[in-house]
Amino acid sequence: MKKIVFTTVTMLSLSLWTTFAVAQIADTESAQAQNNEQITNDEAQELVAAANSSKINIQTRPEIMGLWGMEIPQNQSCVEYYNFSGENSMVIKSADEWSIAQYQYEAPSNRSESLPMLIFKISYDNNEMDCSGVKQDQSNELSKFFVKWVNQNQIQFCGTQRGENCFATLNKQLP
């Protein structure tokens, strides 16, 4: 008897997590091969049809996706959270303030020349007090930073593409 087995493989490339779903045909009766039995024409056609319909599904996502936390130097008991989710949407939570934004993360082709760039525009802000003690409606604000990867669990927001003038350190909370 033949069956189709799906295998999922996840790997990290330079700037994207990539998931492959690979379809393989498995022979559940290894004795059949050992006995050199032949399969019927119908079985052969079924196997060819299954192999031809097997597709590789590739899903990519920006490496910045996940939940990140930034401690505020003036208020170390408060953490500002950045949740980068799928479809380029994000939620920012800081004390009583929360905002919704759309983001774009652009990884350069050569990281030795430039850092990845993060651009986001806040579409909604509930206008409450944040971790810094500031109450300001940031709706429609556009921000642009360069992302310096310290390691896989820590990034810095910087003012230049060379990683200078870094002003915020974020630590990975959840994938």
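Assorted remarks:
- Residue count for region 106-121 satisfying the condition of being free of Cβ contacts under 8 Å to residues at least 60 places away in the same chain and either buried (at least 19 other Cβ atoms within 10 Å of the Cβ) or among the basic types (Lys, Arg) (or both): 4.
For every residue, the table says whether it meets (1) closer than 30 Å to ASN153 by Cβ; (2) in the same structural domain as GLN156 (by TED's automatic domain parsing); (3) modelled with pLDDT of 70 or more; (4) in contact with a Leu (Cβ under 6 Å, 6 or more places away or on another chain).
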residue	(1), (2), (3), (4)
THR10	yes, no, no, no
LEU16	yes, no, no, no
LEU67	yes, yes, yes, yes
GLN74	yes, yes, yes, no
CYS78	yes, yes, yes, no
MET90	yes, yes, yes, no
ILE100	yes, yes, yes, no
PRO108	yes, yes, yes, no
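- Checked against the criterion of being within 17 Å of the chain's Cα centre (by Cα) and surrounded by fewer than 17 Cβ atoms within 10 Å (Cβ to Cβ), the candidates ASN151, ASN126, ASN140, ASN165 yield just one match: ASN151.
- Residues that are small (Gly, Ala, Ser) and surrounded by 15 or more Cβ atoms within 10 Å (Cβ to Cβ), drawn from region 60-105: GLY66, GLY69, SER94, ALA95, SER99, ALA101
- If you go through region 45-59 and keep only what is exposed (fewer than 12 other Cβ atoms within 10 Å of the Cβ) and without any contact (Cβ under 8 Å) to a residue 40 or more places away in the chain, you end up with GLN45, VAL48, ALA49, ASN52, SER53, LYS55, ILE56, ASN57.
The values are calculated or read from the model by the stated rules, or taken from the named source; none is laboratory data. Because the structure is a prediction, the values reported are computed rather than measured. Quick reminder, even Gly has a Cβ in these numbers, built from the backbone with ideal geometry, and neighbours come from all protein chains shown.
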